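Only the coordinates and a few stated rules stand behind these numbers; no lab work does. As the structure is a computational prediction, the values presented were derived from the model and not from experiment. A quick note on method: Cβ atoms are made from the backbone with ideal geometry, for glycine too, and the neighbour counts reach across all protein chains shown.
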Amino acid sequence: MHHPPELQGVPRAPGRGRPAGTWTFDVREGDATTGSYVNHFLGVRPSDDGDLLSELKTSGRYLPPAVLPIAEDPGGSLICIDGREQAEGPVVFWDSEFSGFGPEEVELFPIAPSFEAFLEGLTEREPQPEPEERPSGWRRLFGRS
């Protein structure tokens, strides 16, 4: 399997839909901007990480018609392409915690005007350093290492 041309700039773990590294994006919710990151992209083949068909069976009833999930963040929210009004729809965020209970009540938050713009807007977060190992329990209480 090969990377589609649009995904060439996003390194991925071998054989999986998870990007190598942590790729973040911004979500505009009203006047506020929050961020999240891509946990994994949804592929067409069945996968333990999730795939397009499984996701549509699980979440499709909550999404409006023509809104296609393409990726998931760590909290189970979806990154989708919104094809309701144009052939190449914008990329939107469906927040699993704040969405209604049916497609007529769903609220989608903009991420990017196109899939290409979404990919170009992903930024790799620097890995966080491992915390220093500190003595614990009784050793810390009595100042011993």
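Once backbone amide H atoms are built at 1.01 Å from N, Thr22 has Arg125 as its partners under 5 Å, excluding neighbours fewer than 5 places away on the same chain.
A Förster radius of 30 Å combined with the Cβ-Cβ distance from Glu124 to Arg45 puts the calculated FRET efficiency at roughly 0.70.
The peptide list 25-34, 68-77, 41-50, put in order of mean Cβ contacts within 10 Å with the highest first, becomes 68-77, 41-50, 25-34.
Amide H contacts for Glu107 (H built 1.01 Å from N in the peptide plane; partners 5 or more residues away or on another chain; cut-off under 5 Å): Gly100. Scanning residues 5 or more positions from Asn39 or on other chains, those with amide H under 5 Å from its amide H are Glu72, Asp73, with H placed 1.01 Å from N in the peptide plane.
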